[in-house]
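The values are calculated or read from the model by the stated rules, or taken from the named source; none is laboratory data. Note that the structure is predicted; figures quoted are calculated from it, not measured. We place every Cβ from the backbone using ideal geometry, glycine too, and count neighbours over all the protein chains shown. Note: accessible area is taken over every heavy atom of the protein model, side chains too, but ligands, DNA and RNA are not part of it. Shrake-Rupley method; radii C 1.70, N 1.55, O 1.52, S 1.80 Å.
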Amino acid sequence: ANADESDFATAHPRDSEKFQTLIHLVRPGWAVQSFSVKDGVFPDDISRFDGVMITGSPASVHDPDPWIADLLALIRQIVTARQPLFGACFGHQAIALALGGQVGPNPGGWVFGRTETHTTTPAPWMTILPATTGLYAAHVEQVTALPAQARRLSTSPECPIGGFAIGNHIYTTQYHPEMTPGF
């Protein structure tokens, strides 16, 4: 979903590469396929995949671009099929909006850089993590109301809904776990 085509963006690994590296740290044998949804490229058959990740983007989930409406529709299809779904930053916001949540501007403007995120209601896989985790942020909008049946996973002073889950198949974060300190 990352629509950034700036010189800075093209000089660094794409989000798809960063997430693939992150996934392969724990699942080295997994095959990963990327789709440039911001260019209107979507999978033909979502059922071919074991799960879906939606990356960050400088685009707003409220932008009128056709690809965003198509992505929101795809999210609802994924959820209906109960396929595992993860969203980071823009992906977090898109999942929330597609499922009836709300997304609006951050009251304090941009949240940028390392931020301390506090776990509120840990998912089972989060119990090994510390109660506070430093993650990188880059957003001027945030989820302001959760979708029905969602439970908040994390929060920070700048972002009350830092992550949420629905059941055991949807997880999101407003932050960027794919960003390294070097990046």
Under 15 Å by backbone N from the virtual spin label 7 Å along Cα-to-Cβ at residue 116, the residues of segment 153-182 are 155-159
For segment 16-69, what class follows from the C-alpha gyration tensor (a ≥ b ≥ c being the square roots of its eigenvalues): rounded when a/c is under 1.5, otherwise prolate if a/b is larger than b/c, else oblate?
oblate
What is segment 1-127's relative contact order, in percent, from Cα pairs under 8 angstrom and six or more apart in sequence?
25
May I ask you to give the solvent-accessible area per residue for segment 1-142, in square angstrom, as obtained with a 1.4 angstrom probe?
56
So, counting K/R as plus one and D/E as minus one, what does the shell of residues with Cβ under 15 Å around residue 94 add up to?
-3
Using the per-residue mean of other Cβ atoms lying within 10 Å as a proxy for protection, in what order, highest first, do the peptides 28-37, 68-77, 81-90 fall?
81-90, 68-77, 28-37
Please label the shape of the chain as rounded, prolate or oblate, based on the square roots a ≥ b ≥ c of the eigenvalues of the alpha-carbon gyration tensor (a/c under 1.5 means rounded; beyond that, a/b larger than b/c means prolate, else oblate).
rounded
At a Förster distance of 22 Å, what's the computed FRET efficiency of residue 168 paired with residue 42, Cβ-Cβ distance as r, to 0.05?
0.30
With each pseudo-label sitting 7 Å past Cα toward Cβ, what's the residue 10-residue 70 distance in nm, one decimal?
2.2
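Given the -39500 (n - 2.57) contribution per DSSP H run of 4+ residues, what per-residue ellipticity at 222 nm results for the chain, rounded to the nearest 500 deg cm²/dmol?
Calculated at 222 nm, the ellipticity per residue is -6500 deg cm²/dmol.
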